[in-house]
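Below is one structure, written out as structure tokens, with a few remarks after it.
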Amino acid sequence: RLSAAEAMMILERLEEPLQRHLCAFYRDLERDLAAAGVNSSYRIVTPSRSSLGPGNERADEVEAPPLPIDPVDALRLSVLARRDMAPGVAHLDPTLASALLERIEAWLSERQNYGNGVPQSLGTSELGALLAPAKAASVEIVETVFNYVAASPALPATIRMILAQLRVTMLRLALRSESLLAAERHPALRLVDLIANVGRTLPQDCPADLPVCRGLLLVVRPLLRVPRIEDRDFQVALSGAEGLLRSRQKGAVARAAALKDEAERLERREVALHQASRAIYLLIGHRAEPVVRTFIEGYWVHVLAKAAYRYGTGSTQWTSRVQTAHRLLVSAMPEPDEVARQQLMVQLPALMRSLEEGLAWIGLSQEHVREGLAPCIELHAALISGRPGPEPRYRRPSMPVLGPVGERPDFRILRHKQYFDGELSLSAEWAELEVGDCVAVGLPNGGQMRGFVGLIGPARQLILIADGDSSEVLAVTARALAQQATSPQTQLFRDRSIVDEAATDRLVNP
């Protein structure tokens, strides 16, 4: 159970996240009101992740205030308070304290070398009870962090194994370092956070021979061989890990950038399909004859998309194709009178020639052209003879499709290949993606693509995601991403502090 002082610390820590949450809520509310035409009389100013480079500032952005007290410091104070209230705590003179540290380090070395038979916790051991309060606090926080890491379901087993190798070394550091729990986060704790954040972006079954895992092991292992660990040893390791991860990210972004021309071509096709779908949506509405609607949405959308891609929506080719779709819609008006039937018989041959020419233009064989037009021909025959029309075959809702790009087996695209009814919009956090962000996207086959955003198309309708540890690249259209964003497999990874999480968990669940 928390004491009053500890409870106040937790409340103080909640103040800033709550403030940030409320700012985001009211910012979204203001945006919704503005979209509805309601003017608000206030403006919320919050910091944002902009694409401005280092050194650039915006007058309307402010930095978030620092936390009144961080979780690690709150846990340190809690441990010190508990030690002060514990009965019979003796204060050793400097000589005995130094000898005690040497004895504990030897005990830890034995644990690191042999493991079996050594108690699991230094803090609760007889030797730990003799530590000075500041050292005891450092030891307890290190053990709290590594106990939390070992039980974390968010981290793959390989990453937990890498972090577990640091446990004894960090306990040795806790005995020697005067700055492990300083206000500025120590390189050792930053290294733990860094490795954990990498782990969250990896699949649960990632192998130990994955390049990034091998690299992190090479960074960590020298620390295990240092006879007398110091702060600077962890600073060197942290710099090595940061360099490794920067190189990994840059490599992924470079692989995506090499596909820039192909990505821009794919984006232009996506924009053209979007323009065609929107034109059909506005043309048809909700009153079109089902057979004709199915044909236009299933076949003619590709004719319009090709016209938009090649010539643009202001071209005569585009206008001609839209007019053909309109003529088809008019020809299928239900229950025509005798005059309308006579007009239909006169106009039908030219209309059919335009439809056949359009389908052939997008590469359909004569057999497929006849197959596509068969329901429309049957409908027109029924309208002319006064018989009921054929039963409509409704299309299934359009879903994203995963397919290859060209002949490259390591380059795929996730997109809608058919007409899509209505609009799909990305949530704010996905709409603000930047090159270098780490993401995971759920795929229709049940798989998942993890990697870095390596390229964003000029129209922001397509992104390339490049794997950090292989040559795989996935192109994803904005519409496909918006639809897949509801999948639990689709994630946008942001750095979090597992050290803070562990300290908070210990404070809440002592």
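The values are calculated or read from the model by the stated rules, or taken from the named source; none is laboratory data. What you see is a predicted model; the values in this text were computed from it and never measured. FYI the Cβ positions are ideal-geometry reconstructions off the backbone, even for glycines, and counts take in every protein chain you see.
The residues on offer are V226, V220, and the sole one that is within 28 Å of R450 (Cβ to Cβ) and surrounded by 14 or more Cβ atoms within 10 Å (Cβ to Cβ) is V220. You will find that of D421, D469, the residue that is among the charged types (D, E, K, R), within 30 Å of R214 (Cβ to Cβ) and in a loop (DSSP other than H, G, I, E, B) is D469 and no other. Going through (1) closer than 26 Å to V271 by Cβ; (2) crowded, with 19+ Cβ neighbours inside 10 Å one by one, T319 falls short only on (2). Among the numbered conditions (1) under 20 Å from L180 (Cβ atoms); (2) of a type in the set (A, V, I, L, M, F, W, C); (3) under 31 Å from the mean Cα position of the chain (by Cα), tell me where L217 comes up short. The failed condition is (1). Of the helices (runs of 4 or more DSSP H) that lie entirely inside segment 260-352, those containing 3 or more residues that are assigned by TED's automatic domain parsing to the domain that holds I362 span 290-295, 301-311, 316-331. Taken over segment 198-214, the residue count meeting the criterion of being assigned to a helix (DSSP H, G or I) and buried (at least 19 other Cβ atoms within 10 Å of the Cβ) is 5. On the given criteria, is A459 among the aliphatic types (A, V, I, L, M), under 15 Å from L414 (Cα atoms) and touching a helix residue (DSSP H, G or I) at 6+ places or on another chain (Cβ under 8 Å)? When the stated conditions are applied, A459 does not pass them. For H368, the stated conditions hold: it is within 27 Å of G389 (Cα to Cα), out of contact with any Leu (no Cβ under 7 Å at 6 or more places or on another chain) and free of Cβ contacts under 8 Å to residues at least 24 places away in the same chain. Considering only residues in segment 164-180 that are free of Cβ contacts under 8 Å to residues at least 40 places away in the same chain and surrounded by fewer than 24 Cβ atoms within 10 Å (Cβ to Cβ), the one that is nearest to D209 (Cα to Cα) turns out to be A164. Is there any pair linking a residue in segment 335-357 that is at negative phi to one that is basic (K, R) and at pLDDT 85 or above, with Cβ under 9 Å and at least six apart or on different chains, and which? Every condition considered, the pairs that remain are Q347/R327; A350/R327; L351/R327; S354/R321; S354/R327; E356/R370. Does segment 256-265 contain any residue that is more than 42 Å from the chain's Cα centre (by Cα), at negative phi and surrounded by 18 or more Cβ atoms within 10 Å (Cβ to Cβ)? No, segment 256-265 contains no residue that is more than 42 Å from the chain's Cα centre (by Cα), at negative phi and surrounded by 18 or more Cβ atoms within 10 Å (Cβ to Cβ).
Is it fair to say L464 is in contact with a Gly (Cβ under 7 Å, 6 or more places away or on another chain), assigned to a strand (DSSP E or B) and modelled with pLDDT of 90 or more? Working first, answer last.
Values: in contact with a Gly (Cβ under 7 Å, 6 or more places away or on another chain): yes; assigned to a strand (DSSP E or B): yes; modelled with pLDDT of 90 or more: yes.
In short, yes.
Taking the stated definitions as given, is L304 in contact with a helix residue (DSSP H, G or I) (Cβ under 6 Å, 6 or more places away or on another chain), under 30 Å from G451 (Cβ atoms) and modelled with pLDDT of 95 or more? Spelling it out, it is not the case that L304 is in contact with a helix residue (DSSP H, G or I) (Cβ under 6 Å, 6 or more places away or on another chain), under 30 Å from G451 (Cβ atoms) and modelled with pLDDT of 95 or more.
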